[in-house]
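Visitor: Take this structure first; my questions come after.
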Amino acid sequence: MDIREEFLKYFESKQHKRVASAPLVPEDATLLFNNAGMVPFKSIFTGEIPRPANHRATSCQTCLRAGGKHNDLENVGHTARHHTFFEMLGNFSFGDYFKEEAIAYAWEFLTEVIELPVDKLWVTIHDSDDEAEILWQKYISKDRILRLGDADNFWQMGDTGPCGPCSEVFYDQGAEHFSGEEDYLGGEGDRFLEIWNLVFMQYERSASGKMTELPKPSIDTGMGLERVVAIKEGVLSNYGSSLFMPIIIDVEKLIGKKYKYESGASYRVIADHIRTAVFLLAQGINFSNEGRGYVLRRILRRAVRHGYLLGLREPFMFKLVDRVVEIMGGEYDYLNVKSQIVKEQIELEEARFFKTIESGIALFEDELKNTKEVFSGEVAFKLYDTFGFPLDLTEDMLKGENLKLDSVKFEELMLEQRTRAKAAWKGSGDEAVHGDFKELLEKFGENTFVGYDFTAHSGEVLALLDENYKYVDSLACGSKGWVLLDITPFYAESGGQCGDIGELEGFAKVLDTKKFFGLNLSQIEVTKELACGNIVDGHVDISRNEIVKHHSATHLLHAILFDILGDHISQAGSLVDAHRLRFDFSHPKAVTHAELAEIETRVNNEILKAIPAKTEVMGIEDAKKSGAKAQFGEKYGDEVRVVSFDDASVEFCGGIHVQNTANIGSFIITKESGVSAGVRRIEAVCGQAAYKHFCNERILIKKVEHEVKNLDVMAGISRMKANISELKEELKEAQNSAKVELTSNEINGVGVVVEEYPTGDIKEKIDELKNQNEKLCAMLFQVKGDKILIACGVKDANAKAGDWIKKIAPILGGGGGGRPDFAQAGGKDVSKLPQAKEEALKYITEILS
């Protein structure tokens, strides 16, 4: 039985609209991931936007709880029911039906559609919800209904807003399997398994905590698909079901050891985490050191650590991707499309981490040398935090050495880290926008965009918002805000293309254009008071011409990358503005210079062909059949806009393009770089930006010509390199010739050296002379530009270096001093060097005589 399909079909029969799963990355800026089925509908429940035409919806939403406020990561593998990635079945009423129908639907689906035994079902309700108890008693006896308090059976979206009691349906897995102290209804044991939560949104909580009845209460339900599949297949753990066991069997084959539930936590972690990694990568999230990409990296590395614990010493997770695609690809077809690049990205990340594990082992072994009985908790934490070692792996290694761990210190550091992480987490990092959008939608609906055909159009000011998105009747001169025109030529930022700028003639500058809940709003800086009801002429800035050149070039680039580098190429992000294009794409290695040259040439060839653009609006299934490329995560309706340039490029796109590829002018790649593991970036310029790039390059070439004094710059550079080589040889010869032999005289058994030393370190030379002579008095001079350095040394002789140098340095216009065995000085008068040498020899001769 396909539980997922049976659920959706059942609620479609109850007039619910089937809604496809939203991406794991939510539009809600307060969340890292979609963590519940209701998240995509949150704006409807909170009243930020109006209810849809059909007030009923049903979905099977992919969810992820591994970061931020909702984090099941540490429980995964150690319980029968926790997962990072899971699917949540749900039915939703937006102010339509309420408790009676929600309970009736739940009971009918559970007992008649998927035929769960009635005697296995139990229900909990909020302790104040008499209405729910009465309704449930139509289907189940009162002694099977348990009242619980707020902690278990009251749901709220936040400190304020919609909230209400909830009712949970439990399945009794049997006392014969679970008989622990917590195995009772409402306990923490696994005997009574929660399978469905029905949330009755009937109150609005104010900032003061007061709750008032909602005029149109709503329903939000959530049922874990994995739990219901396990129940229907007669297994006591989600991991024993057909959603996980094929993956676990593959892990068995890789390890060569059979899976046993009691000792199989690592198998379960791997099976769970590979599903999460595959879905995140397939949906365009890439490995990184921040945000969602870091959560992905932690999840994969946690699985690799457990593989290491099982004895694996080389990448293995990528070998499980095909099994995940086999199980899930029927429902989520993008997994089939992305499977190859997902495997490559995972293998690359695994290989990197296996190197890290080896480094961690080296740290472990170094600390062992300093350990007598108790292994450092600080080092164990560093192994965990920096090298990704799970504590149980460290403890296992210590067992082999008969050592204990300072677990108190480890837990202390772990607590500090959790506290820091909790304090630092502030959601996705995106700007959360709240404003009076619902009122605008209810009053005016979505406004009309005519920018595909016009760059100037008149329109009525339907509404104005201030900088905080609050409705105002007018905006004064000098202020900023947002304008809603009934008809607008300004394109709202979407699909990588930046929003239009321009002017409302005589009234305001248009600084940007964005879309909020379907409303096309332009950000404006007012030059003359603007009021609702004004008729204005909107003019899109001429920079639009350059934007569309870069946008159309991006489409050509995408198609040619696919052709040259392989069909694993898929878009991972883009930016298109008047000055450049930036295109991120999945590819496991740097694009070579030869490949870049071919890509650039091919794009320019398509430009030179002068291919006319063709835009069609067609049904989404017809569009897919046409071969048009779609971007994952973009929202497409029943009808989509397809932009094509003959067979050179065919893509789903709501953006604006040139009428003919010839309008692009030219295409120049300016940079290729890595964004993250498995993702590359190409930056390029077209049109006017390409011309400016050419001009700058020409200026640079002229400067180089001037510097190398040759119109043929390569010949000039070659000549300079040859000159440099010659000069290096000459310098080498000069240095060798400067290694003069210093003349040594003997006075009363003492070696005496008074010489000029052209190059080298004179102090080192003094030391060298001392090593060569049992008794020595030496003074060396070295000219440095218009100055002169002096150093002298004495060894086992009746003379003092400091006195000697004080006598000679003034002759050169300088001074100095030092110890009896060594002294230094400097002088300014190089012309007196012969006199200084003569006086130095005279002085030391008198002293030694």
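Visitor: Do we have any residue at all in region 725-737 that's assigned to a helix (DSSP H, G or I), open to solvent by less than 80 Å² (accessible area, probe 1.4 Å) and of a type in the set (A, V, I, L, M)? Please lay out each step first, then the result.
Guide: Within region 725-737, the subset assigned to a helix (DSSP H, G or I) is 725-737.
With the extra rule that they be open to solvent by less than 80 Å² (accessible area, probe 1.4 Å), the set shrinks to 725, 734.
Subset that is of a type in the set (A, V, I, L, M): 734.
There is at least one residue in region 725-737 that is assigned to a helix (DSSP H, G or I), open to solvent by less than 80 Å² (accessible area, probe 1.4 Å) and of a type in the set (A, V, I, L, M).
Visitor: Which residue out of 405, 391, 413 is at pLDDT 90 or above and either over 22 Å from the mean Cα position of the chain (by Cα) or over 29 Å from residue 285 (Cα atoms) (or both)?
Guide: From the options 405, 391, 413, the qualifying one is 405.
Visitor: Still on this structure, please answer the following. Is there a residue in region 832-849 that is over 12 Å from residue 754 (Cβ atoms), assigned to a helix (DSSP H, G or I) and of a type in the set (Ser, Thr, Tyr)?
Guide: no
Visitor: When residues of region 269-293 are filtered for being crowded, with 21+ Cβ neighbours inside 10 Å, under 16 Å from the mean Cα position of the chain (by Cα) and either small (Gly, Ala, Ser) or over 12 Å from residue 64 (Cα atoms) (or both), how many remain?
Guide: The qualifying residues number 8.
Visitor: Are any residues in region 256-308 touching a residue at least 40 places away in the same chain (Cβ under 8 Å) and of a type in the set (Asp, Glu), and if so, which ones?
Guide: Passing the criteria: only 272.
Visitor: Looking at (1) modelled with pLDDT under 90; (2) aromatic (Phe, Trp, Tyr); (3) in a helix (DSSP H, G or I), which is the one condition that is false for residue 381?
Guide: (1)
Visitor: Only one of 75, 54 is open to solvent by 40 Å² or more (accessible area, probe 1.4 Å) and at pLDDT below 90; which?
Guide: 75
Visitor: OK, next. In region 24-49, which residues are assigned to a loop (DSSP other than H, G, I, E, B), surrounded by 17 or more Cβ atoms within 10 Å (Cβ to Cβ) and in contact with an Asp or Glu (Cβ under 7 Å, 6 or more places away or on another chain)?
Guide: 38 - this is the single residue of region 24-49 that is assigned to a loop (DSSP other than H, G, I, E, B), surrounded by 17 or more Cβ atoms within 10 Å (Cβ to Cβ) and in contact with an Asp or Glu (Cβ under 7 Å, 6 or more places away or on another chain).
Visitor: Within region 467-502, track down each residue that is hydrophobic (A, V, I, L, M, F, W, C), open to solvent by 40 Å² or more (accessible area, probe 1.4 Å) and farther than 28 Å from residue 654 by Cβ. Walk me through how you get there before you give the answer.
Guide: So the first thing to find is which residues in region 467-502 are hydrophobic (A, V, I, L, M, F, W, C), and the list is 472, 475-477, 482-485, 487, 490, 492, 498, 501.
Adding the requirement that they be open to solvent by 40 Å² or more (accessible area, probe 1.4 Å) leaves 476-477, 487, 501.
Passing the criteria: 476, 477.
Visitor: So which residues in region 187-207 are closer than 21 Å to residue 230 by Cβ and either open to solvent by 20 Å² or more (accessible area, probe 1.4 Å) or part of a loop (DSSP other than H, G, I, E, B) (or both)?
Guide: Applying the first criterion (closer than 21 Å to residue 230 by Cβ) to region 187-207 yields 187-198.
187, 188, 189, 190, 191, 192, 194, 197 - these are the residues of region 187-207 that are closer than 21 Å to residue 230 by Cβ and either open to solvent by 20 Å² or more (accessible area, probe 1.4 Å) or part of a loop (DSSP other than H, G, I, E, B) (or both).
Visitor: Are any residues in region 836-849 open to solvent by 90 Å² or more (accessible area, probe 1.4 Å) and within 18 Å of residue 813 (Cα to Cα), and if so, which ones?
Guide: Result: 838, single match.
Visitor: Further question on the same structure: For residue 361, only one of the following conditions fails: (1) open to solvent by 40 Å² or more (accessible area, probe 1.4 Å); (2) at pLDDT below 90; (3) not polar (S, T, N, Q). What is its number?
Guide: (1)
Visitor: Against the definition (modelled with pLDDT of 95 or more, part of a strand (DSSP E or B) and not hydrophobic (A, V, I, L, M, F, W, C)), how does residue 554 come out, yes or no?
Guide: Values: modelled with pLDDT of 95 or more: yes; part of a strand (DSSP E or B): no; not hydrophobic (A, V, I, L, M, F, W, C): yes.
No; evaluated as a whole, the condition is false for this residue.
Visitor: Another question about this same structure. Please go through region 767-819 and give me each residue that is part of a helix (DSSP H, G or I), open to solvent by less than 40 Å² (accessible area, probe 1.4 Å) and not β-branched (Val, Ile, Thr), ordered by number.
Guide: 769, 770, 801, 802, 804, 809, 812 - these are the residues of region 767-819 that are part of a helix (DSSP H, G or I), open to solvent by less than 40 Å² (accessible area, probe 1.4 Å) and not β-branched (Val, Ile, Thr).
Visitor: Among 179, 237, which is among the small types (Gly, Ala, Ser), more than 21 Å from residue 56 (Cα to Cα) and open to solvent by less than 30 Å² (accessible area, probe 1.4 Å)?
Guide: 237
Visitor: Look through region 248-268, keep the residues that are aromatic (Phe, Trp, Tyr) and open to solvent by less than 60 Å² (accessible area, probe 1.4 Å), and return whichever of them is farthest from residue 344 (Cα to Cα). Working first, answer last.
Guide: Here is the first cut: in region 248-268, the residues aromatic (Phe, Trp, Tyr) are 259, 261, 267.
Filter once more, keeping what is open to solvent by less than 60 Å² (accessible area, probe 1.4 Å): 259, 267.
Values: 259: 27, 267: 22 Å.
Per the criteria, the residue is 259.
Visitor: When the residues of region 114-144 are filtered to those that are in a helix (DSSP H, G or I) and open to solvent by less than 40 Å² (accessible area, probe 1.4 Å), which remaining residue is nearest to residue 45 (Cα to Cα)?
Guide: 132
Visitor: Can you give me the ranges of the strands (runs of 3 or more DSSP E) entirely in region 606-703 with at least 3 residues that are under 12 Å from residue 552 (Cβ atoms)? Steps first, please.
Guide: Working: elements: 614-619, 639-645, 649-652, 667-676, 679-686.
In region 606-703, 639-645 are the strands (runs of 3 or more DSSP E) which contain 3 or more residues that are under 12 Å from residue 552 (Cβ atoms).
Visitor: Of everything in region 699-718, what is touching a residue at least 12 places away in the same chain (Cβ under 8 Å) and at positive phi? Give them in sequence order.
Guide: Within region 699-718, no residue meets the criteria.
Visitor: Let me ask something else about it. Please find, among 586, 626, 574, the residue that is on the phi < 0 side of the Ramachandran plot, modelled with pLDDT under 90 and under 30 Å from the mean Cα position of the chain (by Cα).
Guide: 586
The values are calculated or read from the model by the stated rules, or taken from the named source; none is laboratory data. Everything numeric here is computed off the predicted structure, so don't read it as measured data. Methodologically, a virtual Cβ is constructed for each residue, glycine included, from the backbone with ideal geometry; neighbour enumeration extends over all protein chains shown. Surface accessibility is based on the protein's heavy atoms, side chains included, excluding ligands, DNA and RNA. Shrake-Rupley method; radii C 1.70, N 1.55, O 1.52, S 1.80 Å.
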